[in-house]
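Here's the structure, in structure tokens; my notes come after.
The values are calculated or read from the model by the stated rules, or taken from the named source; none is laboratory data. Note that the structure is a prediction, hence the values are computed from the model and not measured. Note: ideal-geometry Cβ built from the backbone for every residue, glycine included; neighbour counts use all protein chains shown. The accessibility values were calculated without ligands, DNA or RNA, using every heavy atom of the protein model including side chains. Shrake-Rupley method; radii C 1.70, N 1.55, O 1.52, S 1.80 Å.
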Amino acid sequence: MFACIALLLDDEAHNSIRKMLYKVLSEGNYGIESALLPQHISLKQSFNTLDIYEIEDYFDRFVKELYSFELTFNKVDLINMGSKGKESQVLWVDIEENMHLRNIHNKLNSELMSQYSVPMSGFDGHEFHFHSTLTYGYNQYQELEKVKNEVNLSFSKIKFNVKKAVLLYSLEDRVRAGSFITYKILPIQGGRSTYI
């Protein structure tokens, strides 16, 4: 089983991005897997766990230490992964780098390792890039590059305050888009965070 801890967008930011996503999906044949979950920002790579209740206890404590803070989406971007013939793409809304978000990521990596032996994986650490996924493509780099450029022509920065966190899980034995389910959503307090 895999778990993922993430932040949810407020309603206004969620609706703006979903309107953008509707346009992308209705004009092309791209994956809808990311749209099966609420629009979110992962705080670290999904990680393997044998006990969701143990991670739920950690999540409850973790969220109690969070306070609402502002984030800004500044553009749409595209990454390409894999090798020729087996490439996959991720079209995402890019977040302006934010020290508060980086500190939360680092704390999650540190605490999950020390308390549950969850190692950093993939891009965890200084290379982790905060974003909110729009869609996935499969051997569709050129088409999605065109979509990215078109969307960015009319893109305006989206600022919002983070007010909720979410715990997601997948019962599969590998991380696969479209296999995650919302387990628990908790509100984030107002005020100043201990992570700054």
Original post:
Label-point separation (nm) for ASP57 and GLU87, each offset 7 Å from Cα along Cα-to-Cβ?
Top reply: 4.7 nm
Original post:
Which value at 222 nm does the chain reach when only helices count, each DSSP H run of 4 or more adding -39,500 (n - 2.57), with the total divided by all residues and rounded to the nearest 500 deg cm²/dmol?
Top reply: -10000 deg cm²/dmol
Subject >> Over the stretch 127-196: Rg over Rh, Cα atoms, Kirkwood Rh >> reply: 1.04
Subject >> Share antiparallel - DSSP beta bridges, the chain, percent rounded to 5 >> reply: 95 percent
**OP:** Place +1 on the Cβ of every Lys and Arg and -1 on the Cβ of every Asp and Glu in the chain, take the dipole about the Cα centre, and give the residue among TYR141, GLY85, SER26 whose Cα lies farthest towards its positive end.
**Re:** SER26
**OP:** For the stretch 67-83, just list the computed ³J(HN,Hα) in residue order, Karplus coefficients 6.51, -1.76 and 1.60, θ = phi - 60°, integers in Hz, with x standing in for Gly and Pro.
**Re:** 10, 4, 8, 8, 10, 10, 8, 10, 5, 9, 9, 9, 10, 10, 10, x, 10
Original post:
In what sequence, highest mean first, do 103-114, 169-180 appear when ranked by Cβ atoms within 10 angstrom?
Top reply: 103-114, 169-180
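Longer than 18 Å from Cα to Cα, which of LYS75/LYS148; LYS23/LYS159; LYS86/LYS146; LYS44/LYS164; LYS84/LYS148; LYS44/LYS84 are they? Say none if no pair is. Write out the running numbers ahead of the final one.
Values: LYS75/LYS148 9 Å; LYS23/LYS159 21 Å; LYS86/LYS146 20 Å; LYS44/LYS164 16 Å; LYS84/LYS148 21 Å; LYS44/LYS84 27 Å.
Check vs 18 Å cut-off fails for LYS23/LYS159; LYS86/LYS146; LYS84/LYS148; LYS44/LYS84.
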Original post:
Which FRET efficiency value, to the nearest 0.05, do you get for TYR183 and LYS64 by plugging their Cβ-Cβ distance into 1/(1 + (r/R0)^6) with R0 = 25 Å?
Top reply: 0.90
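Could you sort the peptides 44-54, 127-137 by per-residue average Cβ neighbour count (10 Å cutoff), highest mean leading?
127-137, 44-54
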Original post:
Mind checking the alpha-carbon convex hull of the chain and giving the volume per residue in Å³?
Top reply: 116 Å³
**OP:** Counting only heavy atoms of the protein chains, get the accessible area per residue of the chain (1.4 Å probe) and round it to a whole Å² value.
**Re:** 53 Å²
**OP:** With +1 on each Lys and Arg Cβ and -1 on each Asp and Glu Cβ, and nothing else charged, work out how big the dipole of the stretch 48-196 is about its Cα centre, in Debye to the nearest 20.
**Re:** 380 debye
**OP:** Please turn the phi angles of the stretch 133-146 into ³J(HN,Hα) values with the Karplus equation 6.51 cos²θ - 1.76 cosθ + 1.60 (θ = phi - 60°), one per residue in order, whole Hz, x for glycine and proline.
**Re:** 5, 8, 7, 10, x, 10, 6, 10, 4, 4, 5, 6, 5, 5
Original post:
For the chain, what % of the accessible area comes from carbon and sulfur atoms, probe 1.4 Å?
Top reply: 51 percent
Original post:
Which whole-number percent gives the relative contact order of the stretch 94-181, counting Cα pairs below 8 Å spaced six or more residues apart?
Top reply: 19 percent
**OP:** Order these peptides, 117-126, 158-167, by their mean beta-carbon neighbour count within 10 angstrom, highest first.
**Re:** 158-167, 117-126
